[in-house]
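The values are calculated or read from the model by the stated rules, or taken from the named source; none is laboratory data. Owing to the predicted nature of the structure, the values given are computational and were not obtained by experimental measurement. In this analysis, Cβ positions are derived from the backbone assuming ideal geometry, glycine residues included, and neighbour counts consider all displayed protein chains. With ligands, DNA and RNA removed, areas are computed over all heavy atoms of the protein, side chains included. Shrake-Rupley method; radii C 1.70, N 1.55, O 1.52, S 1.80 Å.
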Amino acid sequence: MAVQRIFIVEDDLKIAELLAETLRKYHYEVETAKDFDQIIEEFEAFDPHLILLDINLPSYDGYYWCRQLRQQTTCPILFISARSGEMDQVFALENGGDDFITKPFHYEIVLAKIRSHLRRAYGEYAPKQEERSVKAGRIVLFMERMELHVKTESIPLQKKECTIIELLLSHYPKVVSREQLLEELWDDQAFVDENTLNVNMTRVRKKLADYGVKSVIETVRGAGYRLLLHEEEA
């Protein structure tokens with residue numbers, strides 16, 4: 001596969017730079033977090049194959065950011081921390097992490113774990129199974145790849161964008177209720193602001209427009225949303 005990207009979320013600048021320098025020597029593309037209040041935005045911009053995540057971070061800890069990232073991606077997340085207690089490792093795994101590396105660490109071990117998780121997620125050990133897709137007209141969504149294909153255009157999606165489009169395509173030409181969307185997008189609807197769904201729907205519409213998709217998502221007042229296929233994409 002192409003050069004694999006690793007995102008380092010570590011507020012100790014020296015450790016972050018040493019990790020980045022080591023990984024680049026092994027031909028990985030690396031980005032380190034710059035703004036610890038904008039982790040999701042930086043993640044989305046870089047779109048990494050794997051994340052190295054510290055626990056002790058400014059504002060919010062690594063457990064919080066792992067939960068937020070898990071709403072966007074299934075890529076491997078490896079915690080790196082000076083905490084060595086059993087419960088720290090339990091919390092890391094229960095909050096969505098795939099592995100736990102204790103500081104101080106040997107870089108050979110970090111590299112071995114990174115290679116192992118990348119092989120398991122994307123390479124020779126990745127599960128081989130028929131790819132799931134859902135289609136309406138000339139629009140096809142590949143769920144595992146999180147890619148929307150419209151005629152000859154391939155559009156990369158974030159996790160919530162993928163969920164919204166999957167529901168619209170699978171129910172086409174019927175309406176998808178707001179309740180269905182909320183239930184699929186968030187585990188606990190009680191804590192979701194009413195405007196949050198509107199914001200996510202606006203992002204999906206903007207992405208489709210940015211890629212020149214002529215089909216649109218119609219708001220059905222009092223009911224929900226439905227996909228309207230343009231004749232060129234029907």
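Structure notes:
- Residues located in region 44-57, provided they are closer than 16 Å to ARG83 by Cα and of a type outside the set (A, V, I, L, M): ASP54, ASN56
- Remark: pairs (first residue in region 72-96, closer than 13 Å to PHE7 by Cα; second residue of a type outside the set (Asp, Glu) and assigned to a helix (DSSP H, G or I); Cβ separation under 6 Å; 6+ apart in sequence or on different chains) = PRO76/HIS117; PRO76/ALA121; ILE77/CYS66; PHE79/ALA92.
- Within region 80-114, restricting attention to residues that are surrounded by 14 or more Cβ atoms within 10 Å (Cβ to Cβ) and β-branched (Val, Ile, Thr), the residue that is nearest to ILE15 (Cα to Cα) is ILE80.
- Residue selected from region 1-17 under the condition touching a residue at least 60 places away in the same chain (Cβ under 8 Å) and hydrophobic (A, V, I, L, M, F, W, C), by the criterion surrounded by the fewest Cβ atoms within 10 Å (Cβ to Cβ): MET1
- From the list TYR28, TYR63, the lone residue that is of a type in the set (Ser, Thr, Tyr) and closer than 20 Å to PHE91 by Cα is TYR63.
- Considering the conditions (1) open to solvent by 60 Å² or more (accessible area, probe 1.4 Å); (2) of a type in the set (A, V, I, L, M, F, W, C); (3) farther than 22 Å from ARG115 by Cα, LEU57 is excluded by exactly one of them, (1).
- Here region 62-75 is the region considered, the condition is being open to solvent by 60 Å² or more (accessible area, probe 1.4 Å) and over 8 Å from the mean Cα position of the chain (by Cα), and the residue that is nearest to GLU10 (Cα to Cα) is TYR64.
- Number of positions in region 194-232 that are in contact (Cβ under 8 Å) with a residue 40 or more places away in the chain and in contact with a His (Cβ under 9 Å, 6 or more places away or on another chain): 4
- Selection within region 76-99 - under 20 Å from the mean Cα position of the chain (by Cα) and not in a helix (DSSP H, G or I): PRO76, ILE77, LEU78, PHE79, ILE80, ASN95, GLY96, GLY97, ASP98, ASP99
- Scanning region 47-54 for residues that are modelled with pLDDT of 95 or more and more than 19 Å from LEU118 (Cβ to Cβ) turns up at least one hit.
- Considering residues of region 19-36 that are open to solvent by 70 Å² or more (accessible area, probe 1.4 Å) and without any contact (Cβ under 8 Å) to a residue 12 or more places away in the chain only, the residue nearest to THR102 (Cα to Cα): GLU21
- Of the residues making up region 145-168, one or more are open to solvent by less than 30 Å² (accessible area, probe 1.4 Å), more than 23 Å from GLU41 (Cβ to Cβ), touching a Leu at 6+ places or on another chain (Cβ under 9 Å) and assigned to a helix (DSSP H, G or I).
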